1. Evaluate the following for residue 121: is it surrounded by 12 or more Cβ atoms within 10 Å (Cβ to Cβ) and either under 21 Å from residue 33 (Cβ atoms) or charged (D, E, K, R) (or both)?
2. Tell me, yes or no, whether the stretch 43-58 has at least one residue that is in contact with an Asp or Glu (Cβ under 9 Å, 6 or more places away or on another chain), assigned to a loop (DSSP other than H, G, I, E, B), surrounded by fewer than 16 Cβ atoms within 10 Å (Cβ to Cβ) and not basic (Lys, Arg).
3. Can you confirm whether residue 35 is closer than 22 Å to residue 157 by Cβ, within 16 Å of the chain's Cα centre (by Cα) and within 13 Å of the ligand (Cβ to nearest atom)?
4. Here is a list: 2, 13. Which entry is in a loop (DSSP other than H, G, I, E, B) and in contact with a Leu (Cβ under 9 Å, 6 or more places away or on another chain)?
5. Name the residue that is modelled with the highest pLDDT, counting only residues in the stretch 50-61 that are within 12 Å of the ligand (Cβ to nearest atom) and not aromatic (Phe, Trp, Tyr).
6. Which one is nearest to the chain's Cα centre (by Cα) among residues in the stretch 62-92 that are more than 12 Å from the ligand (Cβ to nearest atom) and either within 24 Å of residue 155 (Cβ to Cβ) or free of Cβ contacts under 8 Å to residues at least 12 places away in the same chain (or both)?
7. Does residue 140 satisfy the criteria of being within 16 Å of residue 21 (Cβ to Cβ) and of a type in the set (Asp, Glu)?
Amino acid sequence: MSEGLLLVISGPSGAGKGTLCRALCQRCPQISLSVSATTRPPRSGEVHGREYFFLSRDDFEERVKAGGFLEWATYLGNYYGTPREPVQKMLAQGRDVVLEIDVQGGLQVRKSYPSAVLIFILPPDWQTLKQRLLGRGTEDELAVEERLGVALGELDVITQYDYLVINDNLSTAVDTVACIITAEKCRTVRNKLPADWKNP
Ligand code: 5GP
């Protein structure tokens, strides 16, 4: 059985990554979404083990020391990281895995998993990003400004990603990501020629 595809989805907070990843997993049942760990406090409605594993800073740092994260980063003062074991297990079982992580994490994955596919998601324009962040009401205005500041910095690394997808319309963006996955799976480097083609 061949290893699953490791997919990284990054982009500014408010780009719609979370919604896109959930819709992608519904559309493609062979894909699993990795659940990250974070030290940020849960937002209303978020459940431990579903949106994130909510950890104390001490607990997170212990796990970093023990090599428990495939990648990890600090975002606006909080730690975020991808638990290593579940991802490795799913890939070994041939399942595709999506990591919804920031660009610092994405670039770490690029180094440790050169075969990973990195996709950057952007809303159609800056104004839309601002409106989406304000509209979802999960952050106060100061936090929105901070997230917009981080977003500007993140744009610098777009060229180190493999693909850019504009999330103007959710279903079109999901279609596009599904097409990228299909194309990536057809790459010759990911495919072995069946034995009977070698000795016809
Ligand atoms: P939020 O606080 O809005 O849930 O997430 C803030 C940022 O952290 C987002 O850009 C999100 O993609 C990123 N993030 C979430 N989980 C991880 C992770 O495991 N690793 C890294 N590096 N970033 C993450």
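The values are calculated or read from the model by the stated rules, or taken from the named source; none is laboratory data. Quick caveat: nothing in here was measured; it's all calculated off a predicted structure. So basically every Cβ, Gly included, is an ideal-geometry build from the backbone, and we count neighbours across all protein chains shown.
1. Values: surrounded by 12 or more Cβ atoms within 10 Å (Cβ to Cβ): yes; either under 21 Å from residue 33 (Cβ atoms) or charged (D, E, K, R) (or both): yes.
Criteria met by residue 121.
2. Yes.
3. Details: closer than 22 Å to residue 157 by Cβ: no; within 16 Å of the chain's Cα centre (by Cα): yes; within 13 Å of the ligand (Cβ to nearest atom): yes.
No, not satisfied.
4. Values: 2 fails: in contact with a Leu (Cβ under 9 Å, 6 or more places away or on another chain).
13 is the lone residue from the list that is in a loop (DSSP other than H, G, I, E, B) and in contact with a Leu (Cβ under 9 Å, 6 or more places away or on another chain).
5. At the first step, the residues of the stretch 50-61 found to be within 12 Å of the ligand (Cβ to nearest atom) are 51-55, 60.
Among the residues that remain, those that are also not aromatic (Phe, Trp, Tyr) are: 51, 55.
On the way: 51: 95, 55: 98.
In this case the residue turns out to be 55.
6. Here the answer is 89.
7. Numbers: within 16 Å of residue 21 (Cβ to Cβ): no; of a type in the set (Asp, Glu): yes.
In short, no.
For every residue, the table says whether it meets (1) aliphatic (A, V, I, L, M); (2) loosely packed, with under 13 Cβ neighbours inside 10 Å.
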{"site": "151", "(1), (2)": "yes, no"}
{"site": "156", "(1), (2)": "no, yes"}
{"site": "161", "(1), (2)": "no, no"}
{"site": "167", "(1), (2)": "no, no"}
{"site": "188", "(1), (2)": "no, yes"}
{"site": "197", "(1), (2)": "no, yes"}
